[in-house]
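Please read the structure below before turning to the comments.
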Amino acid sequence: MSQADRAALKSLGKAVKRVAAGDGTVLCPYCSNHRVQVLSMGDGRIGRCPECGPVEVGADDFEAWQIDDDWMQRSLRRALEIQSHDGIDQLADGVWRIGDIRKAPVVLARDIMRILKVPGLLDRVRVACGTTQLITPTASDVQGVPFGASVQWLRLQERFILYGDGISAIGQPECSSTSLSVDLAASVDPTLPVYGPFSEDFRWVTTPEIQGSPIRLTPMQAAIFKALWQLKGKSVPGQRVMQAAGSTSTKPGDLFKHPNHALARRAFDVLVEVNNREGLYALPCARNVSTA
């Protein structure tokens, strides 16, 4: 093993673990470009590399290293402040749900191509009011944001860094998981859900049961949804909602009646719980989550 390799392993610390190669071949310890067959020669072992010729092979050359999945899961949970009572569920080989942030699932995958080839894996954890946060290593052959608005892709090398014996979120070591999620979503796409199904400014709402792409709201419609969100799902009179939104109307639904706002109206009907008899309105998906 070269000095550079040893230094790299030391910097990775507990993120990697030793595994046995054990097939009679090793990566050339000099050029690392070819696997070579190893032969016993007296007291030592020799490999014949097509570039380097005969090379001496040591015992440590028969060992390989790989990412320690258990360590990675535990460290990311701490970095994202995922509650300890949330368990880890394996969705497939190399794909895990490592917990929830604000009731939205966090998924870790060794390779993003596995998710792209089997998108149904994320459907198993998707929630109506929330964004699935997917953590994978960066892939050079994947450009842009390859998922819909209901999935937020956190590239491992860009969003996290090895720090001591653990992992920290880059640029946000002291932030809560809520503020980290808001910052990341806003930096990628302003339409991405941040507060439940709503974007950071509440001008967009994502409701997969209506359509896959985000629905644009007017400033007043956004203010109504924001007011309901800040009420944390409590049932309150419509007049109180409208006062908080800065409107003189007394019925939130009135601002969604125009034919040009058909999609926004459908989103209102799906997300808002209305008690017409008592004139009460509530946003169930805002219960037990952080407010804007």
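The values are calculated or read from the model by the stated rules, or taken from the named source; none is laboratory data. Remember, it's a predicted structure, so these values are computed and weren't measured experimentally. Neighbour counts run over all protein chains shown; Cβ positions are idealised from the backbone, glycine included.
Couple of notes before you dig in:
- Ser235 of a type in the set (S, T, N, Q), buried (at least 16 other Cβ atoms within 10 Å of the Cβ) and outside the structural domain of Asp123 (by TED's automatic domain parsing): no
- The residues on offer are Ala109, Ala15, and the sole one that is surrounded by 14 or more Cβ atoms within 10 Å (Cβ to Cβ), aliphatic (A, V, I, L, M) and at pLDDT below 85 is Ala15.
Listed here are the residues, each with its yes/no results for (1) acidic (Asp, Glu); (2) part of a loop (DSSP other than H, G, I, E, B); (3) surrounded by 14 or more Cβ atoms within 10 Å (Cβ to Cβ).
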{"site": "Met220", "(1), (2), (3)": "no, no, yes"}
{"site": "Lys226", "(1), (2), (3)": "no, no, yes"}
{"site": "Ser249", "(1), (2), (3)": "no, yes, yes"}
{"site": "Asn260", "(1), (2), (3)": "no, no, no"}
{"site": "Ala267", "(1), (2), (3)": "no, no, yes"}
{"site": "Val274", "(1), (2), (3)": "no, no, yes"}
{"site": "Cys285", "(1), (2), (3)": "no, no, yes"}
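- Failed item, numbered, when Leu134 is tested on (1) assigned to a loop (DSSP other than H, G, I, E, B); (2) surrounded by 21 or more Cβ atoms within 10 Å (Cβ to Cβ); (3) modelled with pLDDT of 70 or more: (1)
- Restricting Gln83, Gln90 to those that are surrounded by fewer than 17 Cβ atoms within 10 Å (Cβ to Cβ) and assigned to a strand (DSSP E or B) reduces the list to Gln90.
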